[in-house]
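Engineer: Just dropping this structure here.
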Amino acid sequence: MKLDAIKLGHGSGGKLSHDLIDQLFMQYFKNDLLLLQGDSAVLNIESQLLSFTTDSFVVDPLFFPGGDIGKIAVAGTVNDLAVSGAIPKYLSAAFIIEEGLNYDLLERVVISMANEAQKAGVMIVTGDTKVVAKGQCDKLFINTSGIGVMNEQNASISSGSNIKVGDKIIINGSIGDHGMSIMAARNELNLSANIESDCACLNAMIHKVLSNVSTVKFMRDATRGGLSTVLAELANKNLFGLEVSEEDVPVKEMVRGMCELLGFDPFYVANEGKLVLVVAPEDAQTVVELMQEFEEGKQSAIIGEITADHIGKGWIKTPFGGKRMIDMLSGEQLPRIC
């Protein structure tokens, strides 16, 4: 019999817990490994390098234009694996649910996760469910962990240790879409804007690039902290500088206008489907063209390059001929953005 809402007993580990697992999670996440329902999933990955990551998702509201907490929970973890140079394979999914959460709403989230996992070619193979009393959690929090397999040639991509002066910086599309879609969806702001989150799994696009180009030196997804924080981290941790052209960074007019209205800089606004790459100059245009074959990469562009000047610092060249320093985001610009 279908539930109306989640009860505390659904987190007890007893019959109600098993009913919830069997009737909801097993129904949508079903695969041979999950069906075993052991305390851990036993994975046959052979003798390969592994990439392992974990992330928690507390986005508010649960549903927003272009996505929801379920979609972002899968995409965020898949992308963390993919930008490390790995091929995502398996995910875990742990749910912390507030007592009284509407069952149909939870089912919508689970269906969204299942659809996104299928689209990305990954399996959700283990998980956990906890229910807390009303008021002790805001509706629903999700943690996902992921495992991917990696070719040894891609092992340095996360660190960027092979970057050289002259390498080009590339992004796969417009920035700030996710952050502004969340802001518009929050009722207390009383704003309306036709902005959709860029939340998406990027692993297929990344795999196409890595399969055809051997000179990708660095990849990172520009989530919380935005593009500027990724660039600042990259420069600060290495013995080079970098410059980015503000005019070459795609920003949708609606996003730019909303940022101006609210006093935000789109370079610091969160994204959930944006990838920053550093590539050898001779292959930069090839990478852009490969990414443009995918919906998530239609607006891909070369936005800057690695320099020998101002070591450890990044700079943005403005349309007016000046420069401003790139720094990491200070404080929390947009809380509960993912």
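The values are calculated or read from the model by the stated rules, or taken from the named source; none is laboratory data. None of the values given here were measured: they were computed from a predicted structure. No Cβ is skipped: glycine too gets one built from the backbone with ideal geometry, and neighbour counts run over all protein chains shown.
Engineer: I'm trying to understand the selection: among the residues of the stretch 225-241, which are more than 11 Å from residue 276 (Cβ to Cβ) and either at pLDDT 90 or above or assigned to a loop (DSSP other than H, G, I, E, B) (or both)?
Structural biologist: If the condition is that a residue be more than 11 Å from residue 276 (Cβ to Cβ) and either at pLDDT 90 or above or assigned to a loop (DSSP other than H, G, I, E, B) (or both), then 225, 232, 235, 237, 238, 239, 240, 241 are the ones that fit.
Engineer: Same structure, new question: Would it be correct to say that residue 277 is closer than 15 Å to residue 231 by Cα, part of a loop (DSSP other than H, G, I, E, B) and in contact with a Lys or Arg (Cβ under 9 Å, 6 or more places away or on another chain)? Before you say what the answer is, go through the steps one by one.
Structural biologist: Values: closer than 15 Å to residue 231 by Cα: yes; part of a loop (DSSP other than H, G, I, E, B): no; in contact with a Lys or Arg (Cβ under 9 Å, 6 or more places away or on another chain): yes.
It is false that residue 277 is closer than 15 Å to residue 231 by Cα, part of a loop (DSSP other than H, G, I, E, B) and in contact with a Lys or Arg (Cβ under 9 Å, 6 or more places away or on another chain).
Engineer: I'm trying to understand the selection: among the residues of the stretch 153-162, which are surrounded by fewer than 21 Cβ atoms within 10 Å (Cβ to Cβ) and not in a helix (DSSP H, G or I)?
Structural biologist: 155, 156, 158, 159, 160, 161, 162
Engineer: Can you tell me which residue in the stretch 174-197 is modelled with the highest pLDDT, limited to those that are surrounded by fewer than 24 Cβ atoms within 10 Å (Cβ to Cβ) and outside any helix (DSSP H, G or I)?
Structural biologist: 174
Engineer: What number goes with the only condition from (1) acidic (Asp, Glu); (2) part of a loop (DSSP other than H, G, I, E, B); (3) under 20 Å from the mean Cα position of the chain (by Cα) that residue 309 does not pass?
Structural biologist: Just one mismatch for residue 309, condition (3).
Engineer: Residue 219: crowded, with 24+ Cβ neighbours inside 10 Å and out of contact with any Gly (no Cβ under 9 Å at 6 or more places or on another chain), yes or no?
Structural biologist: no
Engineer: Determine which single condition residue 142 fails, assuming it passes every other condition in (1) among the hydrophobic types (A, V, I, L, M, F, W, C); (2) in contact with a helix residue (DSSP H, G or I) (Cβ under 8 Å, 6 or more places away or on another chain); (3) not assigned by TED's automatic domain parsing to the domain that holds residue 121.
Structural biologist: Every listed condition holds for residue 142 apart from (3).
Engineer: Restricting to the stretch 290-313, give me the number of residues that are β-branched (Val, Ile, Thr) and either in contact with a Lys or Arg (Cβ under 6 Å, 6 or more places away or on another chain) or modelled with pLDDT under 95 (or both).
Structural biologist: The total comes to 2.
Engineer: Kindly indicate whether any position in the stretch 125-145 is acidic (Asp, Glu) and closer than 30 Å to residue 311 by Cβ. Walk me through it before giving the result.
Structural biologist: Step one: filter the stretch 125-145 for residues acidic (Asp, Glu), giving 128, 138.
This time we only want the ones that are closer than 30 Å to residue 311 by Cβ, so: none.
No, because not a single residue in the stretch 125-145 is acidic (Asp, Glu) and closer than 30 Å to residue 311 by Cβ.
Engineer: Checking residue 150 against (1) buried (at least 16 other Cβ atoms within 10 Å of the Cβ); (2) in the same structural domain as residue 280 (by TED's automatic domain parsing); (3) at pLDDT below 90, which test does it fail?
Structural biologist: Failed condition: (2).
Engineer: Do you know which residues across the stretch 120-158 are over 17 Å from residue 54 (Cα atoms) and in contact with an Asp or Glu (Cβ under 9 Å, 6 or more places away or on another chain)?
Structural biologist: Within the stretch 120-158, 131, 132, 133, 134, 135, 136, 137, 138, 139, 140 meet the criteria.
Engineer: Here are some conditions: (1) in contact with a helix residue (DSSP H, G or I) (Cβ under 6 Å, 6 or more places away or on another chain); (2) buried (at least 18 other Cβ atoms within 10 Å of the Cβ). Residue 95 meets all but one. Which one does it not meet?
Structural biologist: Going through (1) in contact with a helix residue (DSSP H, G or I) (Cβ under 6 Å, 6 or more places away or on another chain); (2) buried (at least 18 other Cβ atoms within 10 Å of the Cβ) one by one, residue 95 breaks only (1).
Engineer: Is one or more of the residues making up the stretch 139-160 out of contact with any Leu (no Cβ under 7 Å at 6 or more places or on another chain) and at positive phi?
Structural biologist: No - not one qualifying residue is present in the stretch 139-160.
Conditions (1) surrounded by 13 or more Cβ atoms within 10 Å (Cβ to Cβ); (2) touching a Ser or Thr at 6+ places or on another chain (Cβ under 7 Å), marked per residue:
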| site | (1), (2) |
| --- | --- |
| 234 | yes, no |
| 278 | yes, no |
| 287 | yes, no |
| 301 | yes, no |
| 304 | yes, yes |
| 314 | yes, no |
| 320 | no, no |
| 335 | no, no |
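Engineer: Test residue 48 against the stated conditions and say whether it is modelled with pLDDT under 85, within 23 Å of residue 209 (Cβ to Cβ) and either touching a Gly at 6+ places or on another chain (Cβ under 7 Å) or not assigned by TED's automatic domain parsing to the domain that holds residue 274 (or both).
Structural biologist: Here the answer is yes, as residue 48 does meet what is asked.
Engineer: While we're looking at this one, here's another question. Can you tell which of 285, 292 is farther than 30 Å from residue 58 by Cα and under 21 Å from the mean Cα position of the chain (by Cα)?
Structural biologist: 292
Engineer: Before we move on, is residue 73 among the small types (Gly, Ala, Ser), crowded, with 18+ Cβ neighbours inside 10 Å and at pLDDT below 95?
Structural biologist: In short, no.
Engineer: Out of all the residues in the stretch 98-113, is one or more of a type outside the set (Gly, Ala, Ser) and closer than 13 Å to residue 199 by Cα?
Structural biologist: yes
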